[in-house]
1. I'd like the FRET efficiency for residue 88 and residue 258, computed as 1/(1 + (r/R0)^6) with the beta carbon distance as r and R0 of 22 Å, rounded to 0.05.
2. If I compute solvent accessible area with a 1.4 Å probe over the protein chains, what percent of it on the chain is carbon and sulfur?
3. Residues with amide H under 5 Å of residue 64's amide H, sequence separation 5 or more or different chain, H placed in the peptide plane at 1.01 Å from N; which?
4. With each run of n ≥ 4 DSSP H residues scored as -39500 (n - 2.57), what mean residue ellipticity at 222 nm is computed for the chain after dividing by its residue count and rounding to the nearest 500 deg cm²/dmol?
5. Give me the distance between the Cα centres of the stretch 210-242 and the stretch 135-202, rounded to whole Å.
6. Please list, in order along the stretch 122-136, the HN-Hα scalar couplings obtained from phi with the Karplus expression 6.51 cos²θ - 1.76 cosθ + 1.60 (θ = phi - 60°), rounded to whole Hz, x for Gly and Pro.
7. If I model a spin label at residue 14 and residue 106 as a point 7 Å from the Cα along the Cα→Cβ vector, what separation in nanometres do I get?
8. Considering only DSSP states other than H, G, I, E and B, which trypsin sites (Lys or Arg not before Pro) in the stretch 198-260 qualify as loop sites with at most 10 other Cβ atoms within 10 Å?
Amino acid sequence: MTASAVPLAVRARDVLASEWTKLRSVRSTHWTMLVAVVTPIGLSALVAVTLANTPRNGPPVDPLLPGLLSLEYAVLAVGVLGVLAFSTEYSTGLIRTTFASVPRRRAVLAAKAAVIGAVTLVAGELVAFVSFALVQAVLSGRHLSVSLSHPGVAGAVLATGLLMFVVATMGVGLGAIVRHTAGGIAALVGLIFLPAILGLLPAPWGGRVGRFTLLDAARQVTALHPATNLFAPALSLLVLLSWPAVTLLVAALMITRRDA
């Protein structure tokens, strides 16, 4: 049977299986995911302890904030993992073998994004719900906790888990675009944090810029009391998901226009 005669579903399954094998067979993947899971859970508990022991003279404490703050630092690990999915193959020359086996380069991009996205989505939701339970246990001693059944809380916790997926798939796209590990990581850090700095501009410009940034959009969809100067949570979710979508779209356009 020729390659063209193989059903599309079978070819897609084979490409996904190949990318899954590559991902799980590399030792650094296991260490990266361990750091990405353990670090935010520990940090969320530390932030919760700090909040619980801080005198409350200002606005009420957002009991969901520690979970998101801890993830904002851990997402770089999965972002790097996404970059490496392409950059290591370009640096070793393995990408030529990959494209020879799968001539449809966009299929390779889609498979890498799907595999890494699925793994980080599961890990992100695990971290989000474990951190939520731990943080509320800490805050309950000061009567600052909130239950998962409280209106809007379950959706906010689910949205918190999306952050790892968003950054990891952005990393995949940037790895395909830049094709160099250091450059891809630098681009990832720049896209995450530089726009957030612009969000610190004086009013009203800070809010106008901030509503389009990845971190402010993430905070808006995961906050118990969303900010009034940013987009509504539903629209902020679209902004959040547009970051990896645009990155992967650019990668899909460029991956077929350059030599391996």
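The values are calculated or read from the model by the stated rules, or taken from the named source; none is laboratory data. Computed from a prediction, not measured in an experiment: that's the story for all the values here. Positions of Cβ are backbone-derived with ideal geometry, glycine not excepted, and every protein chain shown enters the neighbour counts. Quick note on the areas: whole protein, heavy atoms, side chains included, nothing else; ligands and nucleic acids left out. Shrake-Rupley method; radii C 1.70, N 1.55, O 1.52, S 1.80 Å.
1. Efficiency computed from Cβ-Cβ geometry: 0.80.
2. 70 percent
3. 224
4. Value at 222 nm, helices only: -26000 deg cm²/dmol.
5. Each part reduced to its Cα centre gives a spacing of 11 Å.
6. 4, 5, x, 5, 4, 4, 4, 6, 5, 4, 4, 4, 5, 5, 5
7. In this crude spin-label approximation the distance works out to 2.1 nm.
8. Details: sites: 208, 211, 219, 257, 258; in loops: 211, 257, 258.
Filter output for the stretch 198-260: 257, 258.
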